[in-house]
Amino acid sequence: MEPRHFKVRFKNKFADLFPVVPGEDREIIARTLTYANIYRLRIIAWLLIAFTLILIFIQLVYTKKVHLAQALEIAPYVMLIRIILLVVSAAFLIMSGKPESPHAITRRHYFCESWFVLANLIGYAILSGLIQSAGPGIASSYLMAILVSAAFLYINLAKSFFIYTVAWSVLSIMVWCFQYNWVVAFSAFLNGSFMTVIALVVSRIIYAGRVKDFLNQKTIELQKDKLAASNKMFKRLSYLDSLTNIPNRRYFDEFFSREWKRAVRQRELLSLIMVDIDQFKMFNDTYGHQAGDDILVQVATALSNIVKRPGDLVARYGGEEFSAILPDTDIAGARRIAGRMRQVVEELNISHPRTPTGHLTISLGVACVRPCSGELPENIIEAADKALYRAKKAGGNQSNWTDLNKP
């Protein structure tokens, strides 16, 4: 088998253990996993303090009752190691603090995470080596510590390899130096070596699984964001007139319904302007439908430039008709807006020989009301339509109005 093919097969076979992390996500993952580790290590630190105090108490009470010379010889050293581990746990609790979120993770937390794990593993490796010197054993304290760190913490490959290798080296030195029976020493060395390898594998599996969960969650969130953006875009497109690119009749109806209810609730004025292009059919018959479409776009743009308040709306009502909703606007204000609309369209100076002025003009119907509960919103639309009809009947290029607030 060619080396390249072997490399590809190896990479595919163990791809789950080495997930590819995009560069922009590495810092986020590091902060997230360190935040989780700090939380778990703080719990472990409190447990270690409690159990270490219990062991120290037991050792103080029962040491004098032990008659094994080797055990009595190492007792002071065991006590010292336990006190050191007790201080390490307390120092970690003080230095690590309680980060509120992954964003609060700093270099201090990265350092605390690494040295606390390493210090404990070295401490328990030394403790196991000392206990080995008193008689045969399996270095249980070291094995327990290394398996707990592997199973409950998210440690990347480089850091876990360094930490476990250093701890294993200390254990090996302690076992071979303090256990004079080479068979027992070799057995403890094998046990420690085997469990260290197991810890490395377990640590990698747990870390890789957590990273994959993070990446999968991010993928899901990105897909949700894209779906939400697409839905928002489709909804926006469904509310726009495809020709003039201003709100269509559908959006007008929804917007008008909301503003009507708000005006009723807050007892505010509501004005409506209906706009119609004069002699538009004749313009289409003369210049063609493409020219008519261009006129609709120009008129829509001109009207939108007049109605600029955030709460106002200009929409294409249908055909050559447009409409403007003006919340909290009295009849005088609505008539001023209608006059500016008529003027700006006239200033477009679009030729239209079938009108009295010789260029394109519009007619407008204006209505204003302070709606009350139970009043039909169709009333103001009907009033604006009738005013528009009167303006067109009078020759066009003008506005007519109705104030529904007056008897």
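Just so you know, all these numbers are worked out from the coordinates, no wet-lab data involved. As the structure is a prediction and not an experimental result, all values here were calculated from the model. Methodologically, a virtual Cβ is constructed for each residue, glycine included, from the backbone with ideal geometry; neighbour enumeration extends over all protein chains shown.
About the Cα centre of region 14-223, how large is the charge dipole given +1 on each Lys and Arg Cβ and -1 on each Asp and Glu Cβ? Please answer in debye to the nearest 20.
340
Using the per-residue mean of other Cβ atoms lying within 10 Å as a proxy for protection, in what order, highest first, do the peptides 386-399, 98-111 fall?
Ranking, from highest mean packing down: 386-399, 98-111.
Only four residue types carry charge here, +1 at the Cβ of Lys and Arg and -1 at the Cβ of Asp and Glu. Report the dipole size of the chain about the Cα centre in Debye, rounded to the nearest 20.
For the chain, the charge dipole is close to 1180 debye.
Using a 10 Å cut-off around each Cβ, can you sort Leu55, Leu296, Leu243 from fewest to most neighbouring Cβ atoms?
Leu243, Leu55, Leu296
Where both residues lie in the chain, what percent of DSSP beta bridges are antiparallel, nearest 5?
Beta bridges within the chain, antiparallel portion: roughly 80 percent.
Order of Ser351, Ser203 from fewest to most other C-beta atoms within 10 Å?
Ser351, Ser203
Equivalent ellipsoid semi-axes for region 88-228, as square roots of 5 times the alpha carbon gyration tensor eigenvalues: give them largest first, rounded to whole Å.
Ellipsoid half-lengths, sorted descending, are 37, 18, 9 Å.
Cα-Cα pairs above 22 Å in region 249-403: how many percent?
Tail of P(r) above 22 Å: 37 percent of Cα pairs.
With a point put 7 Å past each Cα toward its Cβ, work out how far Phe186 is from Leu227 in nm, to one decimal.
6.2
From largest to smallest, what semi-axes in whole angstrom does the chain give when each is the square root of 5 times an eigenvalue of its alpha carbon gyration tensor?
Semi-axis lengths for the chain are 86, 26, 13 Å.
Just subtract the alpha-carbon distance of Trp115 and Asn156 from 0.36 nm times their residue separation and send over the number in nm, one decimal.
Gain on stretching Trp115 to Asn156: 13.3 nm.
Just to confirm a number: summing +1 for Lys and Arg and -1 for Asp and Glu over residues other than Ile29 whose beta-carbon lies under 13 angstrom from that of Ile29, what do you get?
Once all neighbours under 13 Å are counted, the net charge is +1.
Short version: ³J(HN,Hα) in whole Hz for each residue of region 268-283, in order, from phi by Karplus 6.51 cos²θ - 1.76 cosθ + 1.60 (θ = phi - 60°), x for Gly and Pro, what are they?
10, 6, 9, 10, 9, 10, 9, 10, 9, 6, 5, 6, 5, 4, 5, 4
What is the extension gain from Gln290 to Asp25, computed as 0.36 nm multiplied by their sequence separation minus the C-alpha to C-alpha distance, in nm to one decimal?
Between Gln290 and Asp25, full extension yields 90.2 nm more.
If packing is taken as the average number of other Cβ atoms within 10 Å across a peptide's residues, how do 218-228, 368-378, 28-38 rank, most packed first?
Packing order, densest peptide first, comes out as 28-38, 368-378, 218-228.
Could you state the number of Å between the C-alpha centres of region 351-373 and region 164-218?
86
What does the charge dipole of region 135-275 about its Cα centre add up to, to the nearest 20 debye, if the Cβ of each Lys and Arg holds +1 and the Cβ of each Asp and Glu holds -1?
680
Quick one: angle between helix 140-152 and the longest Cα principal axis of the chain, in degrees between 0 and 90, rounded to 10, please.
It works out to around 10 degrees.
Going by amide H atoms built from the backbone, whose H comes under 5 Å of the H on His359, apart from near neighbours?
It is His352, by chain and number.
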